[in-house]
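Participant: After the structure tokens below, expect a handful of questions from me.
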Amino acid sequence: MEADIQYMREALAEARSAAAAGEVPIGAVLVHDGKILARSGNRTIRDCDPTAHAEVVALREAAHRLGNYRLAGTTLYVSIEPCSMCSGAILQARVPRLVYGTDDPKGGAVRSCFEILSHPRLNHQVEVISGVLAAECAAIIQSFFAARRE
């Protein structure tokens with residue numbers, strides 16, 4: 001659990017960097033053999049790319065570094081529950097473990113709106129741990145959107 005907290009803090013740092021760049025503050029860190037293999041915040045605005053969510057960017061970087069799209073032996077840390085696109089990418093990359101901070105009741109595809117990662121008909125299942133630093137993860141995204149509404 002201590003390692004999960006440590007890596008979630010790294011994902012939160014990526015979320016803060018994304019917020020500072022005007023992006024929705026979501027951060028992701030992919031860990032392999034106890035080391036950070038890839039990290040990113042959302043980059044949809046910067047890259048003019050609707051698929052440049054933090055999770056997808058981190059998965060792409062990790063796959064290039066490992067030279068393999070299958071990311072066996074990894075854990076993905078994300079500040080918020082992944083959406084359906086990101087959950088699909090997690091499945092395609094064969095990530096065995098996901099740790100996320102706060103639920104996303106409006107778009108989460110792990111357990112809030114959909115349960116993509118645990119669907120029994122899929123050929124890959126993902127171990128999911130949720131609620132790691134949940135209050136801190138929720139606060140960063142809530143404050144970002146609250147500031148936009150002012």
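Participant: Only one of these is modelled with pLDDT of 95 or more, farther than 17 Å from Ser40 by Cβ and not polar (S, T, N, Q): Ala89, Ala109. Name it. Explain how you work it out, then say what you get.
Facilitator: Numbers: Ala89 fails: farther than 17 Å from Ser40 by Cβ.
Of Ala89, Ala109, the one residue that is modelled with pLDDT of 95 or more, farther than 17 Å from Ser40 by Cβ and not polar (S, T, N, Q) is Ala109.
Participant: Under 6 Å by Cβ, and 6 or more places apart or on different chains, what pairs join a residue from the range 55-83 that is farther than 11 Å from Ala38 by Cα with one that is at pLDDT 95 or above and of a type in the set (Ser, Thr, Tyr)?
Facilitator: From residues that are farther than 11 Å from Ala38 by Cα, the pairs are Val78/Tyr100; Ile80/Thr102; Glu81/Tyr100; Glu81/Ser112.
Participant: Still on this model: Which residue is most open to solvent (accessible area, probe 1.4 Å), if the candidates are limited to the range 88-130 and must be among the acidic types (Asp, Glu) and outside any strand (DSSP E or B)? Spell out the reasoning first.
Facilitator: Our first condition is that a residue be among the acidic types (Asp, Glu); within the range 88-130, this holds for 103-104, 115, 127.
With the extra rule that they be outside any strand (DSSP E or B), the set shrinks to 103-104, 115.
Details: Asp103: 58, Asp104: 40, Glu115: 111 Å².
Applying the filter and picking the extreme gives Glu115.
Participant: Run Gly41 past the list (1) without any contact (Cβ under 8 Å) to a residue 40 or more places away in the chain; (2) on the phi > 0 side of the Ramachandran plot and report the number of the one that doesn't hold.
Facilitator: Checking Gly41 against (1) without any contact (Cβ under 8 Å) to a residue 40 or more places away in the chain; (2) on the phi > 0 side of the Ramachandran plot, the one that fails is (2).
Participant: Can you pull out every residue in the range 84-108 that is touching a Ser or Thr at 6+ places or on another chain (Cβ under 6 Å) and without any contact (Cβ under 8 Å) to a residue 60 or more places away in the chain?
Facilitator: Arg97, Tyr100, Asp103, Asp104, Pro105 - these are the residues of the range 84-108 that are touching a Ser or Thr at 6+ places or on another chain (Cβ under 6 Å) and without any contact (Cβ under 8 Å) to a residue 60 or more places away in the chain.
Participant: Considering only residues that are touching a strand residue (DSSP E or B) at 6+ places or on another chain (Cβ under 7 Å) and of a type in the set (Gly, Ala, Ser), which ones fall in the range 42-92?
Facilitator: Once the filter is applied, which keeps residues that are touching a strand residue (DSSP E or B) at 6+ places or on another chain (Cβ under 7 Å) and of a type in the set (Gly, Ala, Ser), the range 42-92 yields Ala54, Ala58, Ala62, Gly73, Ser79.
The values are calculated or read from the model by the stated rules, or taken from the named source; none is laboratory data. Bear in mind that the values here come from a model prediction, so they are computed numbers and not experimental data. Cβ: placed from backbone, ideal geometry, glycine included. Neighbour counts: every protein chain shown. Surface accessibility is based on the protein's heavy atoms, side chains included, excluding ligands, DNA and RNA. Shrake-Rupley method; radii C 1.70, N 1.55, O 1.52, S 1.80 Å.
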